[in-house]
Amino acid sequence: MRPGSSRARRRAATSGSSSRPDGCCTRGWPRSSPSGRTSSTRVPTAGRSPSGSPSVPYEDLRAAGLASIADRLDDTPLGPDQLVHADLAGNVLLDARGSAVVIDVSPAWRPVRWAEAVCVLDAVVRFDVPERAVVEWGAGDRRQAMLRALAFRWLSDPDPAPYEPLLALL
């Protein structure tokens, strides 16, 4: 097999190796850095937070938090399910006239109240909105929507620790 032949290029592409000088692979995962080390998402070990500081093991924190959320849930209806954006906070840009553009659409089939709760929760955790925004969602169907949003983020985010203080507010 000649080095530049189409057969050699196909084999390199399917094996995850590359003939590119920068060391990038053309196919396959994980990618290698020029130093030869494989890059991957940092997964914290039990007993460590992503920053490396000692903490409650993730499995224990995740399980305890989910149990606490489940204990507070009831069958309160939140409205009809429909197509909503599941990650609106941080994904809206405004032009010079103030017109909004939604980027990075994350569709979900949920009630509008749930999507609003996820947006409020994300604003508090990621954008330093005061925690009283969550407290205002502390009763009735808004509380149930916030608990369901909290369960969603508790499971979908790699580190549930930022949500732990908010659980105490509900």
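Derivation of every value follows stated rules applied to the coordinates shown; laboratory data play no part. What you see is a predicted model; the values in this text were computed from it and never measured.
Here the 3J(HN,Hα) profile of the stretch 133-141, calculated from phi with Karplus coefficients 6.51, -1.76 and 1.60 at θ = phi - 60°, is 4, 6, 4, 5, 9, x, 9, x, 5 Hz, Gly and Pro shown as x.
Rounded, prolate or oblate: which fits the stretch 49-170 when a ≥ b ≥ c are the square roots of the eigenvalues of the alpha-carbon gyration tensor, with rounded for a/c under 1.5 and prolate only if a/b beats b/c? Oblate, because a/c is 1.5 or more while a/b does not exceed b/c. Full extension of the segment from residue 141 to residue 83, taken as 0.36 nm per residue of separation minus the current Cα-Cα distance, would add 19.0 nm.
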